[in-house]
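Here the structure comes first, spelled out in structure tokens, and everything after it is commentary.
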Amino acid sequence: MKLRPIFIFCFFAALGTSNGAAAGPPVPAGYTILDITLSPDHRYGVTVPDLNTPNPQNSLVEVETGRVLTVIQANTGYESANYNSVLPSRWAKDDSLLLWEVDSKWCDTALVLLKLQNGAVVWQLDLLKTGQQAILARTKLAKPKKYFAAKEENRDSGSDYPDGFTVDIVAEGNENKALSLPLKVHAYLTSNPKSIVGQDITNLDSRLDAVVDKDGKFRVTNFHLGVKPPAPRW
């Protein structure tokens, strides 16, 4: 009779592992942690929802426990959804920095830099919105008439095109290079990404260079108008 409890325990334990698969990280239903989001030591990663997940968002989490460090304050990224796709995350070697990026056709839909320290997020900076606002303001100030003309022509472009302009923000480096501060950032603006020719087309282009320091401050170092800038995806 003393063997009976042991038998029952083993029976239910066997049921719990009947598929022979190891338990995955503790993330909410509808989410996965993509390998391309993992930190160098695999301690941290980002949750990515599927297309049917209600109230979707991306969160930086501790992989082993599922503990949420922070929700990434940006448009949600998916593994693959039309032109929206999560790019490989860039990390500092010591897990202290994360650059989160979601790609689209003409420009990113999310580009956020996060600073980590002692298992917590110290700050996060929305490089996409910060860079867009910086280059839009300076372009408007430099060429107000052309700016408003281009804005009117492109007024139905959609929310991904601030004031109707196509603005691409690029952080120097790539996924094969460890992330570090200060980080150089470039902003490219055009009113005519398809290079359409016509008398009714307003061509307005500009470029802005900036740097992000250790405290998460975005400082503009250069701005100029000119020929359509060589943004990586145009």
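Multiplying the residue separation of Lys143 and Leu181 by 0.36 nm and subtracting their alpha-carbon distance yields 10.4 nm.
3J(HN,Hα) along the stretch 76-90: 5, x, 10, 4, 6, 8, 6, 8, 8, 8, 6, 8, x, 5, 9 Hz, from the Karplus curve 6.51 cos²θ - 1.76 cosθ + 1.60 with θ = phi - 60°, whole Hz, x for Gly and Pro.
Can you tell me the 0 to 90 degree angle between the C-alpha axis of helix 4-16 and the longest principal axis of the chain, rounded to 10? Roughly 20 degrees, rounded to the nearest 10.
Ellipticity at 222 nm from helices only: DSSP H runs of n ≥ 4 in the chain, each -39500 (n - 2.57), divided by the residue count, give -5500 deg cm²/dmol. The Cα atoms of the stretch 138-234 give a gyration tensor whose axes a ≥ b ≥ c have a/c of 1.5 or more with a/b greater than b/c, which makes the shape prolate. Once the chain from Lys105 to Ala29 is taken as fully extended at 0.36 nm per residue, the excess over their C-alpha distance is 24.5 nm.
The residues packed around Asn222, meaning those with a beta-carbon under 13 Å from its beta-carbon, carry a net charge of +3 if Lys and Arg are +1 and Asp and Glu are -1.
The GluC sites (Glu not before Pro) of the stretch 142-180 that meet both conditions, a loop assignment by DSSP and at most 16 other Cβ atoms within 10 Å of the site Cβ, are Glu172, Glu175. Fully extending the segment from Asn203 to Asn52, taken as 0.36 nm per residue of separation minus the present Cα-Cα distance, adds 50.4 nm.
Kirkwood radius for the chain, taken over all pairs of different Cα atoms as the inverse mean of 1/r, rounds to 20.0 Å.
Remark: the chain carries a charge dipole of roughly 400 debye about the Cα centre, counting +1 on each Lys and Arg Cβ and -1 on each Asp and Glu Cβ.
At R0 = 30 Å, how high is the FRET efficiency between Ser80 and Glu152 if r is their beta carbon distance? Nearest 0.05 is fine.
The formula returns an efficiency of 0.30 here.
Remark: the stretch 181-191, residue by residue, has Karplus-estimated 3J(HN,Hα) of 10, x, 10, 7, 10, 10, 10, 10, 10, 8, 8 Hz, where x stands for each Gly or Pro and the curve is 6.51 cos²θ - 1.76 cosθ + 1.60 at θ = phi - 60°. The trypsin sites (Lys or Arg not before Pro) of the stretch 173-234 meeting both criteria, a DSSP state outside H, G, I, E and B (loop) and at most 14 other C-beta atoms within 10 angstrom of the site's C-beta, are Lys177, Lys194, Lys214, Lys217, Arg233.
Annotation: amide H of Asp108 within the under-5 Å range of Ile169, sequence separation 5 or more or interchain, hydrogens built in the peptide plane.
At a Förster radius of 25 Å, what calculated FRET efficiency corresponds to the Cβ-Cβ distance of Ser195 and Ser159, to the nearest 0.05? All intermediate terms of the calculation are to be shown ahead of the outcome.
Working: r = 23 Å, r/R0 = 0.93.
E between Ser195 and Ser159, to the nearest 0.05, is 0.60.
The chymotrypsin sites (Phe, Trp or Tyr not before Pro) found in the stretch 137-194 include none that occupy coil by DSSP while having at most 14 further C-beta atoms within 10 Å. For the stretch 148-232, the dipole from Cβ point charges (+1 on Lys and Arg, -1 on Asp and Glu) about the Cα centre works out to 320 debye, to the nearest 20.
For the chain, what does the relative contact order come out to in percent, with C-alpha contacts under 8 Å and a separation of six or more?
Values: 455 pairs, mean separation 27.6, N = 234.
Contact order relative to length: 12 percent.
Quick note: the coordinates plus some simple rules give every number you see, no bench work behind them. Every value quoted in this text rests on a predicted model; they were computed, and no experiment measured them. Cβ coordinates were reconstructed from backbone atoms using ideal geometry, including for glycine residues, and neighbour counts include every protein chain displayed.
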